[in-house]
Structure formats: C-alpha cells, structure tokens
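Report on the structure given below.
The values are calculated or read from the model by the stated rules, or taken from the named source; none is laboratory data. A quick note: this is a predicted structure, and the numbers were derived from the prediction, not measured. Positions of Cβ are backbone-derived with ideal geometry, glycine not excepted, and every protein chain shown enters the neighbour counts. To get the accessible areas, we keep the full protein, side chains included, count just its heavy atoms, and leave off ligands, DNA and RNA. Shrake-Rupley method; radii C 1.70, N 1.55, O 1.52, S 1.80 Å.
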Amino acid sequence: MPKSLLSSFLNGIADVLEVFSFERKEDAKLFDDRSISISLLMLAIAVSFSKTIYSPLILLLLVAVLTRLFKVNVRYTLKVAGVTAIFVIGVTLPMALYQAYLSCDVEGGLGANLISIVSDVAIPLILRAVAAATVVTLMAQCLGLTRLMKVLRGLRFPPKLLFILMLYIRYIPIMLRQLVKLLSAREARLLSKSKVKNSWFMLSTVTGSLLIIGFERAFRLQMALKARGLHYDLIPTYSGKISLPDLVFMTLMLGLAFVLVLM
Amino acid sequence: MGGKETLKPLIELKDVSYTYPDGTCALKRVSIRIPEKSIIAITGANGSGKSTLLLIMAGLLDPQEGCVRFRGIDMKELGCKVRHEIGIVFQDPDDQLFAPTVYDDIAFGLRLLKLSEKEVRARVYEVARELGIESLLSRPPHRLSGGEKRRVALATTLVLNPPVLLLDEPFSDLTSYAAEYLMNLIVRLRDFGRTIVFTSHDVDIVAELSDYVYILAKGQLVAQGKPNEVLCNDELLSKAELRPPTPTIIYRELMGYGDKCPIKMSELLSILNKVTALHSHNE
C-alpha cells in the first residue's frame, strides 16, 4: 500500500468519524431532540432487521427528504454512506465468493452461484448497513454531539459512560491523524523509494509508538479538558417539552419503522 | 513592582517537589510567589522543569512534596473552583485542540458554563476578533498552521476570562511579527488587571516582557529577581545554560563590561543615541 494511499485512507476515516463530533446550535429546530433521536434510532434498528431490499431503499429515500427538511450537510451523510458501503463490501464479497465456491459442486457453476448469492444476500446486507449508517449520521448531524448526549442522559444512560463515549468520539480522529503523522515521519527516514513492503513494515513498527504516544496524548488532553473545567457530570439532562408536532412526527416514524420490519 | 518581599502573592508554591512515574525528578523544593497584575517569566534550559511547574500552578498536577496556595487557600481545598480562576495554554496546541471546528473549540468551555448560545457566539467572536482569527472559525483545527493553532489555543483559554493566565512556551512556532503581536497582547492583558505567567527559553523575550523572572536549572530554582538584576548576571545564567540578552551582548562588545547593562533593545538604542549625540557634539 503506497504511503499516500494509506495516509489518505486514514485521513478519510478520521474525517468521516469527525462528522459525529460536530456540534449544532439549538436555534430554529423543527422538532424536539428526544422525538428526533428516538424516531431515528428506531428506524435504524428496524432497517437492520428488515428482510427485503425495499426497506433500506425506502429509508434511504426518507433520509434524503429529512436531510433537506433538517437542512443538514448532505456531503457528510454521503461520506459516511460511502465508507460504510466500502467496509460492508470488503466483508461480504469474500464471504459470497467462499459460499459460491462451496455450493459450486451442488448446483450450477461458480459464476451463477456468485450472482445468486450477491443479489439475494450481499446487496440487501450492504443496503441495510448503508441505510442504518445514514440514519445514524442524520441523527448525529441534526442534534450535534452535546445535544445527543443530553438526550441520552435524559434516557437514563450513566453520565460516566456518556462522558467516555463523548471523549472516544472526539479522540479517535485525533489518534488517526497522529498515526498518519507517525507514518509520514517513518517514511521520511526511508532512504530508498517507498515500496509496498516498506509501507507494511512501517505500519507494523508504528503500533507500539502509537500506543505510547496515544497514552501520553490522552494524558495531556485530559489535563487540557480539566483545565477548561470539564467534568463527566457536566453533561446536563435534556429538559425540552414534547409538543403535538413532535408526537405526530414520532408516531409517523415509529409507524414506518414497524412497516419496515414487516416488509 | 517592588522586590520579592513587597509582592502580594496570588499563587504561592512552597518547597514543591515533583518526580514523574519514570523516576525523572522534574522539580526539587521550588518556592515561587506570583504577585497579582504582573507578568512573570519562568526561564531555563530544556528539561529544567518549567512546564511541570506551570502544570502544578494550574492545579493539574499535585506535587509530591510542598504545597500550592491560591489567594492563600490550599489548591487541594479549592478543587475544581480554581479552573475558573486559572487558565492554561499548553506548549503543544495539538494537546488542547480537539473539536471539529475552531468555533466549537473556543466555545467548548463556554458551553460547559451553560451560557446561552447567543452569549457563547458573542464571546467567541469577540475573542476571535481580538486575536485576529475570525477567518479561521469555521476551519478544522488540525488543518491550521503552527502559529494559527497557537492563537486558537490561546483563544480557547482567553474566552473564559480567567484572572490568571499561564502560558507554556507561547512564543515558539511564532513568526517575529506574531510574537510581537502576542507580546503586546500580554502587556495589554496585564494592564487590564490579569496576571500572566509564561515560560520561555528565549532570554530576549523574557527581558522585553517580564516584570519578574524565575530561573530554573535541572528542577531547581537558581535565581529570581527583576529582569535587569538577573539577566545581566553571567554566573547565574551559565548555571541555567542560558546566555545574556542580545542587547546586553552588543553593549558589552561595544562598551566593555559596565555596572548597568541594557537588557531591552529600546534601552540599548537609547544609550547608542546618547553616545552618538555626544560624539557629534564633541566633533
């Protein structure tokens, strides 16, 4: 793997994960935070258990409508959808190939079996994963990290767990960028032209350094957060009121979630 | 500001020692008094314990020996309350910046104070204007240059309006123009009643900016006093592996050793102007 590709990949993942740590102001919100988060979470769960190809497609269409309605940046949703699709394809394709190879002797040739497995199993799986990921991204973008944490606190999630989750969401992109810096520094010390073998060698040597640097960095970040007055109990509980439009929105979304599971 | 005895301490460290878990002794029985409304410099070579001292002053590290007092109260008793009083800017801005945008990073502390979004916005823009980083507000911190990151890191602390500001090597990574801007800002903050403690191994900056200087060497306090008393003393400076300020070196080259050497460029220029005027008058 050439260095530039590896670095771009890691930077890309960091950018995608960073989508979940954006903050969003509370002014001009359409619905109550609780109704948005509960509805979208239910939709994500429903689509994960759906059986046909139509459920994820309907949900993707709904996400497109809601993206417009909530005025969120469609680029970030597409980024997350793209990365999720790549990961799921990366997992499902070898499995489909293996399954097609196993059933090769029983029925038909490898090609025919592969097409059948891909269309019956792999594509619905990919679509389900992408649809669920886009719904979660939409929720993260609609509310922003702090508002989402407030809602979860209101749903009786332990504050310490939420605080750790919040730090994880913020810290993982920082760690990935640190990894890119480490790799670039190693690359700069290679005298010969970078080869695929060298890139893999560097990746293996960087793990120990990353752990140590990560620990040191985490320690300093913790001090920086402490210096700015952060304490895990500072995530307040959400205290908004659910109005009639919120109830209508929630009922519609939960109804849709029910239909998606049944489809 | 008067001598050591007349200073009214805002922060007081008494016989403070700190050893890191790997056995590195960072500080050995250091006693320091930080007076109100002043600019205090802590200088010394690399690894002399400057940053550790600042972290202890901020209440982020607990010393193994000795005590730290803020306004006469033990720092341990104050606990989290001291966070509103003391702001710290770390040596590496990357340690401090973690939000997806500069705006979010500056607003982070204010949001924790549960201020309204309108107030948060107003204060973020005010600080951004002050530091000339308005155009950076929507950008991700990791894409900024070293100098820009440093200014953003300063903004994240300044926005909380703490009466005491601790700056760890604030002038590294800065161009001479940006350093001059920061020096003026620090002086302005002092004039508005803030107390500023900064670390630096650049003796020229220490000479230009500080009201009082502490010199550390290998974790021990080797000297303290007004800059013009301490920074001309070659013996003290060599203990801390430091050299005298550039104006002092130039003065000595031109005039030989004198009792009162200039430590600031303005002082040197004033002397040189006087000498030139005297020469032209004699001619």
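Numerical summary
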item: Filtered residues of segment B:262-283 (kept if closer than 20 Å to B:Ile205 by Cβ and not acidic (Asp, Glu)); result: B:Pro262, B:Ile263, B:Lys264, B:Met265, B:Ser266, B:Leu268, B:Leu269, B:Ser270
item: Those residues of segment B:116-142 which are under 18 Å from B:Gly87 (Cα atoms) and either within 12 Å of chain A (Cβ to nearest Cβ) or aliphatic (A, V, I, L, M) (or both), in sequence order; result: B:Val120, B:Val124, B:Val127, B:Ala128, B:Leu131
item: Qualifying residue in segment B:105-113 (condition: more than 30 Å from A:Lys181 (Cβ to Cβ) and either over 24 Å from the mean Cα position of the chain (by Cα) or facing another protein chain (nearest Cβ under 9 Å) (or both)); result: yes
item: Any hit, segment A:155-162, residues being open to solvent by less than 20 Å² (accessible area, probe 1.4 Å) and at negative phi; result: yes
item: Subset of segment B:227-262 (residues that are touching a helix residue (DSSP H, G or I) at 6+ places or on another chain (Cβ under 7 Å), closer than 22 Å to B:Asn46 by Cα and aliphatic (A, V, I, L, M)); result: B:Val230, B:Leu231, B:Leu236, B:Leu242
item: Complete set of residues in segment B:52-78 that are facing chain A (nearest Cβ under 10 Å) and either assigned to a helix (DSSP H, G or I) or touching a residue at least 60 places away in the same chain (Cβ under 8 Å) (or both); result: B:Leu55, B:Ala58
item: Selected residue [within 14 Å of chain A (Cβ to nearest Cβ) and either over 30 Å from B:Pro9 (Cβ atoms) or at pLDDT 90 or above (or both)] from B:Pro170, B:Pro162; result: B:Pro162
item: Residue count, segment B:30-57 (criterion: in contact with a Gly (Cβ under 7 Å, 6 or more places away or on another chain) and open to solvent by 50 Å² or more (accessible area, probe 1.4 Å)); result: 1
item: Residue among B:Arg121, B:Arg69, B:Arg83 that is on the phi < 0 side of the Ramachandran plot, touching a Pro at 6+ places or on another chain (Cβ under 9 Å) and surrounded by fewer than 21 Cβ atoms within 10 Å (Cβ to Cβ); result: B:Arg69
item: Pairs with Cβ under 8 Å, 6+ apart, first in segment B:170-195 and closer than 14 Å to B:Glu36 by Cα, second in a loop (DSSP other than H, G, I, E, B) and among the small types (Gly, Ala, Ser); result: B:Arg190/B:Ser38; B:Thr195/B:Ser38
item: Every pair of residues 6+ apart whose Cβ atoms lie under 6 Å, when the first sits in segment B:226-239 and is outside the structural domain of B:Arg252 (by TED's automatic domain parsing) while the second is at pLDDT below 85 and loosely packed, with under 15 Cβ neighbours inside 10 Å; result: none
